[in-house]
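Right, one structure below, let's go through it.
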Number of protein chains: 4
Amino acid sequence: MIFTSDNASAASPEVMAAIVNVNSGYDASYGADAAMARVTEMIRDIFAAPDAAVYLVATGTAANALALAAHVQPYHAIFAHDAAHIEMDECGAPEFFTNGAKIIRVAGDHGKMDPAALNAALSSTGTSVHGVQKGMLSLTNVTEAGTVYSPAETTALSTMARAHKLPVHLDGARFANAVIATGAHPADLTRRAGVDVVSFGGTKNGCLGVEAVVMFDAAKAWEFELRRKRAGHLFSKHRYLSAQMEGYLANGAWLTRARHANDMAALLAAGLTARGATLLHPVQANMIFAQWPAGTSQRLRAAGAAFYDMPAAEGFEGAGGDGQRAIMPHRRQIKMAK
Amino acid sequence: MIFTSDNASAASPEVMAAIVNVNSGYDASYGADAAMARVTEMIRDIFAAPDAAVYLVATGTAANALALAAHVQPYHAIFAHDAAHIEMDECGAPEFFTNGAKIIRVAGDHGKMDPAALNAALSSTGTSVHGVQKGMLSLTNVTEAGTVYSPAETTALSTMARAHKLPVHLDGARFANAVIATGAHPADLTRRAGVDVVSFGGTKNGCLGVEAVVMFDAAKAWEFELRRKRAGHLFSKHRYLSAQMEGYLANGAWLTRARHANDMAALLAAGLTARGATLLHPVQANMIFAQWPAGTSQRLRAAGAAFYDMPAAEGFEGAGGDGQRAIMPHRRQIKMAK
Amino acid sequence: MIFTSDNASAASPEVMAAIVNVNSGYDASYGADAAMARVTEMIRDIFAAPDAAVYLVATGTAANALALAAHVQPYHAIFAHDAAHIEMDECGAPEFFTNGAKIIRVAGDHGKMDPAALNAALSSTGTSVHGVQKGMLSLTNVTEAGTVYSPAETTALSTMARAHKLPVHLDGARFANAVIATGAHPADLTRRAGVDVVSFGGTKNGCLGVEAVVMFDAAKAWEFELRRKRAGHLFSKHRYLSAQMEGYLANGAWLTRARHANDMAALLAAGLTARGATLLHPVQANMIFAQWPAGTSQRLRAAGAAFYDMPAAEGFEGAGGDGQRAIMPHRRQIKMAK
Amino acid sequence: MIFTSDNASAASPEVMAAIVNVNSGYDASYGADAAMARVTEMIRDIFAAPDAAVYLVATGTAANALALAAHVQPYHAIFAHDAAHIEMDECGAPEFFTNGAKIIRVAGDHGKMDPAALNAALSSTGTSVHGVQKGMLSLTNVTEAGTVYSPAETTALSTMARAHKLPVHLDGARFANAVIATGAHPADLTRRAGVDVVSFGGTKNGCLGVEAVVMFDAAKAWEFELRRKRAGHLFSKHRYLSAQMEGYLANGAWLTRARHANDMAALLAAGLTARGATLLHPVQANMIFAQWPAGTSQRLRAAGAAFYDMPAAEGFEGAGGDGQRAIMPHRRQIKMAK
């Protein structure tokens, strides 16, 4: 019973089959492979965005950092939640890829930005040459706390950014789970909600290692390609990224997997609360942060369950975390693999 | 009556005289001038640090950013107060010079780091490869709120950093005012209090534009020289930086000027409170943050006083600020020029 | 008949089998997987380097740029051949990862550094604070011209670098082919020849996308790990990189494949010369640069052969190139896939 | 008799007087001073460019690096002469400020770009995603060899760049000497010759330390301001930069000084050749590169002359150089101070 991280899971059979299937003969390299052309169309269809530029990389950190770097300057600020992966879990990748842009943290309960906090941050940033300038808004859906933004919530935040002419990024490492959790159309969670560029995750939901960067406005496409190459993220045998993504998307597998993960998380959360645990964040997707009476962790582990302890337990035990720097002092986390 | 910023003042006569005096004949360039050799010894004497490496640059931002860059790696965190100049007022210079290190903000009243907050930040940073690593502590004395750290307070904070083997930087843009305010020996405020490198300000206290970077351990001296050159901060006709600093230090002029500024700030603060103003931070050096009844600002300005309004006045008027991004919502600031 | 690039080929069956084989159950993420422990030992054995630090990334550009960045400072020079991949074919990745180090080009026939040219470059670099300082030597074996350095040639160049205390990097994207071509022990081509860090290629010789970075001195290991994460090159489901490399190395498959490629290149080169083509560089591994009489290219393509034209044909036709910026005006290139 | 470098000289009386003159009372800081408004108009007049954006910094390296950084991206190439200051003498400042752009060296005799070499470099750069892209052309006038480009020569090179839509930078550290040497209008040497941005030097020709960056198209003005601040090159007490430049320009002092320096260099060159020296480059401005019979250097130095030896003397002695990395193996240099 492994509840530590989506990353501990194997790849889905349909993804592995797609890789095996593409492994014959010669194919064009560096993204000109036949499968990539199909993947581009599939993703454009998903987002109802026929002009979107679509690129693949192998890690979520690369997707996020490249998406940001293509849209901000080094003297810019990126507004992100206190708990955002780009702030807490990427060892400074955004600063590296953007050549030193500054992340300005925005508070909010349960992993979601407080609109008033975002507004205050926007208002107080970039008021003179002495400070960094407003550059971009980055949201995360599913959030780091396992909650989801609705289309309306996303729109409310993006509207604030757009009032300052800022582009909006969405870290969608668990985007499939957000689609299931909200029941919303992918376009309504992104493009129609004011998002310009999405890190569309595959790895956590069944792939070996592939994420798409989807830019609804293709104006930055060539710059993105150059930055991807310059960062060592352009694959020569690109077909193996394309195949993963194709296997992941074909026949709606990505949503089927996400639905199962969300359902299992809900089931587990119900079981935990029935047995005396307290949920620290609403369980809306496939992550659980819980605390429970002393002694429980020991019994669970003795029974074979693996999960993370979060820092700052303060009298409680619990499960959670990626072992990263603590950002929500009380969070307890169980991430349900697909 | 100009109370806006030390930067609005002219240079002191003794500094200007030193520049005029050095302006004849040939001299070695790029820091090999005769005056620089004297300045190095004067500064070593001030800090009782006979082995210190001493360099001059023309701006405080350059001094701070180069001092940091010589001591941290791009994957490091720099711990600084919420209101630190390096965080708020340098348009991301630390991120630029360090190639993307991250500033982690530490809270604390009246511009001074809360030791518990520093301890928590240190404990939660760099716990795995996923986050930036602990890199350096940066303190500011006089603080951005016009308060001062005593040697003991400085030691308490530096000791926490040193427990993690971190070097300690002191932004001393107004270091002369801190020396006067504390009555402490410069070495007791720095080297003997666990500080490794000081940005020793001259500009705000009477120079045209010169700051020294003083490294008590000279191991980073050559790296500093390379980074200074690479950043365009090595002056060809370096004698004009040296002369400023020599004029500033000779005969204790730097302390005489700072004492006068501190005395005048105290006098003004007393007058303000006697007339109904409230001081938002203790006035210990040459900065005043005050709020006063509605209508006062208008009368003061009509009478010829210039001062800054701080953001977020919330029912009060006041003076303060450099016009930068607001970091203390209620602060009102008057900076007394020397 | 595809002679364009190794990157157009599919993966070897043994590599694909290894990926399929590892795709079950839970495994530790981020490099702590069971297969990685085995890979580390296999690579240490290959290089007879029991203390080497071994890391995997997915692209050759990442391997090279990270290896360089872990060993040089931004104010350093990297000495590389005029035709080096790091100079010509990585869109500035070394400059990006090192935060602006400068590549100083060293001439030499047939893709190999002229020792006198290296010596001159070393002597004239870093003579004062005004220029970048000597930082690192980077060699490539198999070279970009399809030639190989012997252990003695490698030692001669590394000795020059070591006289200035510089570390030495080897870009071994086609290292297996160099081992076959020279008949030398891998340690004699690297560690015992003065090389500190190797980019040990897998992708071009049968993997989907995996390269090892092998550091014989592990002192930089933790820094490498941080830079890898920060660059988005740490894979969460790392087992799929490990499995590729394990399948590639097991039973000497990597050498078997390379021997076949080298043999086929020799056969093709013999056939070409017998039919009137001129070889522009000695064919020692799996690359051919040839020129031939007008009309030949058209006939070859009509017969189904795919190959690259190099720029600056000057009266000749030919095959070659990656389509990158021309660095050897007359080169014609056929790269034999494994 | 000091012939080493313009940087060994003192400032001109008119410049020093201007600084002394501005040193009274309060003035706006950070470039909003009254003198700067006048300087902007003076420089616009000089270049007949009423809409130009004009900024001051204190060093030539800062001027060049900021001018480049405002116009290129990190994945760009900057085309510069083999001997360009930005390539040889700035310790990698362009790479630092541009976050890793690559300088591509262009050959040419006597410090001037060979148009055919520039054309070849342009044609072979940026042909695919694998290499850096064409970004900017940077010329130097007076060149590093003491020669000058005419307006027609400048136009010929800038036209090649503009055919690829590249902006053009002119390093005019000794621009006054170029104006005198060519007799051309400053606008004809720059704006009307296809130059977009000029580093307009003051330091070498009589100032303490001030250079203007003149952008004929103000579209990048705000970005330039942010980058200047971020690099620590925005002076708080900016009036002292403005005053220098005002004193330098007023009454044509800048041209008077340059004319004298050029005349003295011509006189010295004539005397040297009359006594058996050979000029290695035409002496057109205020620099001399000469070689002379063995024993001459010793006699000159015994007589009190100071000058530089250049590297790689190869049987000759001579004067020259800044002690930097050698870029023209045979150059001998005497720089005439104003």
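The values are calculated or read from the model by the stated rules, or taken from the named source; none is laboratory data. The shown structure was predicted, so the numbers you read here are calculated from the model rather than taken from an experiment. Here the Cβ positions follow ideal geometry from the backbone for every residue, glycine too, while neighbour counts run over all protein chains shown. Calculation scope for accessible area: heavy atoms of the full protein, side chains included, ligands and nucleic acids excluded. Shrake-Rupley method; radii C 1.70, N 1.55, O 1.52, S 1.80 Å.
Failed condition for D:V148, given (1) of a type in the set (A, V, I, L, M, F, W, C); (2) within 13 Å of D:G194 (Cα to Cα); (3) buried (at least 24 other Cβ atoms within 10 Å of the Cβ), with all others met?
(2)
Any idea which of (1) within 14 Å of chain B (Cβ to nearest Cβ); (2) in contact with a Gly (Cβ under 7 Å, 6 or more places away or on another chain); (3) crowded, with 24+ Cβ neighbours inside 10 Å is the one D:Y75 doesn't satisfy?
Condition not satisfied by D:Y75: (1).
Got a number for residues in the range C:69-94 being touching a helix residue (DSSP H, G or I) at 6+ places or on another chain (Cβ under 6 Å), touching a residue at least 40 places away in the same chain (Cβ under 8 Å) and closer than 17 Å to A:H233 by Cβ?
Qualifying residue count for the region: 2.
Considering only the range B:52-61, I want to know if a residue exists there that is closer than 20 Å to D:S236 by Cβ, assigned to a loop (DSSP other than H, G, I, E, B), in contact (Cβ under 8 Å) with a residue 60 or more places away in the chain and not acidic (D, E).
Yes: one or more hits.
Residue-wise test of (1) under 21 Å from B:K229 (Cβ atoms); (2) of a type in the set (A, V, I, L, M, F, W, C); (3) modelled with pLDDT under 95.
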{"residue": "B:H81", "(1), (2), (3)": "no, no, no"}
{"residue": "B:E90", "(1), (2), (3)": "yes, no, no"}
{"residue": "B:I104", "(1), (2), (3)": "no, yes, no"}
{"residue": "B:A107", "(1), (2), (3)": "no, yes, no"}
{"residue": "B:L118", "(1), (2), (3)": "no, yes, no"}
{"residue": "B:L122", "(1), (2), (3)": "no, yes, no"}
{"residue": "B:S138", "(1), (2), (3)": "no, no, no"}
{"residue": "B:T143", "(1), (2), (3)": "no, no, no"}
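I want to confirm something. Restricting to the range A:169-203 and keeping residues that are free of Cβ contacts under 8 Å to residues at least 40 places away in the same chain and within 22 Å of A:D6 (Cα to Cα), which single residue is most open to solvent (accessible area, probe 1.4 Å)?
A:G183
Kindly evaluate A:G206 against the criterion of being on the phi > 0 side of the Ramachandran plot and without any contact (Cβ under 8 Å) to a residue 60 or more places away in the chain.
no
Please state which of the following conditions A:A10 fails to meet, knowing it meets all the rest: (1) in contact with a Ser or Thr (Cβ under 9 Å, 6 or more places away or on another chain); (2) in contact (Cβ under 8 Å) with a residue 24 or more places away in the chain.
It fails just one condition, (2).
Kindly indicate whether A:L208 is modelled with pLDDT of 95 or more and open to solvent by 10 Å² or more (accessible area, probe 1.4 Å).
Spelling it out, A:L208 is indeed modelled with pLDDT of 95 or more and open to solvent by 10 Å² or more (accessible area, probe 1.4 Å).
Every residue in the range A:24-42 that is under 22 Å from A:Y55 (Cβ atoms) and either buried (at least 21 other Cβ atoms within 10 Å of the Cβ) or facing chain C (nearest Cβ under 8 Å) (or both), please.
Matches in the range A:24-42: A:D27, A:A28, A:S29, A:Y30, A:G31, A:D33, A:A35, A:M36, A:V39.
Please state which of the following conditions A:L241 fails to meet, knowing it meets all the rest: (1) within 11 Å of another protein chain (Cβ to nearest Cβ); (2) within 26 Å of A:A28 (Cβ to Cβ); (3) open to solvent by 10 Å² or more (accessible area, probe 1.4 Å); (4) within 20 Å of the chain's Cα centre (by Cα).
With (1) within 11 Å of another protein chain (Cβ to nearest Cβ); (2) within 26 Å of A:A28 (Cβ to Cβ); (3) open to solvent by 10 Å² or more (accessible area, probe 1.4 Å); (4) within 20 Å of the chain's Cα centre (by Cα) applied to A:L241, the lone miss is (3).
Suppose the filter is away from chain C (no Cβ under 12 Å), part of a helix (DSSP H, G or I) and at negative phi; does D:A120 pass it?
Against the criterion (away from chain C (no Cβ under 12 Å), part of a helix (DSSP H, G or I) and at negative phi), D:A120 does not qualify.
Only one residue in B:V57, B:V20 is within 12 Å of another protein chain (Cβ to nearest Cβ), open to solvent by 50 Å² or more (accessible area, probe 1.4 Å) and under 24 Å from D:L56 (Cα atoms). Which one?
After applying the criteria, what remains is B:V20.
Please indicate, with yes or no, whether at least one residue in the range B:177-189 is within 14 Å of chain A (Cβ to nearest Cβ), of a type outside the set (A, V, I, L, M, F, W, C) and farther than 30 Å from A:T61 by Cα.
Within the range B:177-189, not a single residue is within 14 Å of chain A (Cβ to nearest Cβ), of a type outside the set (A, V, I, L, M, F, W, C) and farther than 30 Å from A:T61 by Cα.
If the Cβ limit is 7 Å and pairs must be 6+ apart or interchain, which residue in the range D:13-42 that is closer than 13 Å to D:L241 by Cβ pairs with which residue that is open to solvent by 50 Å² or more (accessible area, probe 1.4 Å)?
The qualifying pairs are D:D27/D:A34.
C:T140 - would you say it is open to solvent by 10 Å² or more (accessible area, probe 1.4 Å), in contact (Cβ under 8 Å) with a residue 40 or more places away in the chain, under 21 Å from C:M310 (Cβ atoms) and among the β-branched types (V, I, T)? Quick ask: steps written out before the conclusion?
Working: open to solvent by 10 Å² or more (accessible area, probe 1.4 Å): yes; in contact (Cβ under 8 Å) with a residue 40 or more places away in the chain: yes; under 21 Å from C:M310 (Cβ atoms): yes; among the β-branched types (V, I, T): yes.
Yes: the conditions hold for C:T140.
How many residues, within the range A:123-148, are hydroxyl-bearing (S, T, Y) and either within 14 Å of chain B (Cβ to nearest Cβ) or over 13 Å from the mean Cα position of the chain (by Cα) (or both)? First the steps, then the outcome.
Our first condition is that a residue be hydroxyl-bearing (S, T, Y); within the range A:123-148, this holds for A:123-125, A:127-128, A:138, A:140, A:143, A:147.
Filter once more, keeping what is either within 14 Å of chain B (Cβ to nearest Cβ) or over 13 Å from the mean Cα position of the chain (by Cα) (or both): A:123-125, A:127-128.
Count: 5.
Of everything in the range C:78-117, what is within 12 Å of chain D (Cβ to nearest Cβ), in contact with a strand residue (DSSP E or B) (Cβ under 9 Å, 6 or more places away or on another chain) and of a type outside the set (A, V, I, L, M)? Give them in sequence order.
Scanning the range C:78-117 gives C:D82, C:H85, C:E87, C:C91, C:G92, C:P94, C:E95, C:T98, C:K102, C:R105.
How many residues does the range D:205-215 hold that are more than 13 Å from the chain's Cα centre (by Cα) and assigned to a loop (DSSP other than H, G, I, E, B)?
Number of matching residues: 4.
Considering the range D:67-93 alone, what residues qualify as being in contact with a Phe, Trp or Tyr (Cβ under 6 Å, 6 or more places away or on another chain) and under 29 Å from D:R38 (Cβ atoms)?
Once the filter is applied, which keeps residues that are in contact with a Phe, Trp or Tyr (Cβ under 6 Å, 6 or more places away or on another chain) and under 29 Å from D:R38 (Cβ atoms), the range D:67-93 yields D:A69, D:A70.
Of the conditions (1) without any contact (Cβ under 8 Å) to a residue 60 or more places away in the chain; (2) in contact with a Lys or Arg (Cβ under 9 Å, 6 or more places away or on another chain); (3) buried (at least 24 other Cβ atoms within 10 Å of the Cβ), C:T98 clears all except one; give me its number.
Going through (1) without any contact (Cβ under 8 Å) to a residue 60 or more places away in the chain; (2) in contact with a Lys or Arg (Cβ under 9 Å, 6 or more places away or on another chain); (3) buried (at least 24 other Cβ atoms within 10 Å of the Cβ) one by one, C:T98 breaks only (2).
Can you say whether B:A218 is in contact (Cβ under 8 Å) with a residue 40 or more places away in the chain, surrounded by fewer than 24 Cβ atoms within 10 Å (Cβ to Cβ) and more than 15 Å from the chain's Cα centre (by Cα), as far as the supplied structure shows?
The answer is yes for B:A218.
Is it true that C:R228 is assigned to a helix (DSSP H, G or I) and more than 27 Å from C:G252 (Cα to Cα)?
In short, yes.
Of the residues in the range A:262-297, how many are at pLDDT 90 or above and assigned to a helix (DSSP H, G or I)?
Selection size over the range A:262-297: 13.
So in the range B:215-233, with the set limited to residues that are among the aliphatic types (A, V, I, L, M) and out of contact with any Leu (no Cβ under 7 Å at 6 or more places or on another chain), which one is nearest to the other protein chains (Cβ to nearest Cβ)?
If we take residues in the range B:215-233 being among the aliphatic types (A, V, I, L, M) and out of contact with any Leu (no Cβ under 7 Å at 6 or more places or on another chain), then B:L226 is nearest to the other protein chains (Cβ to nearest Cβ).
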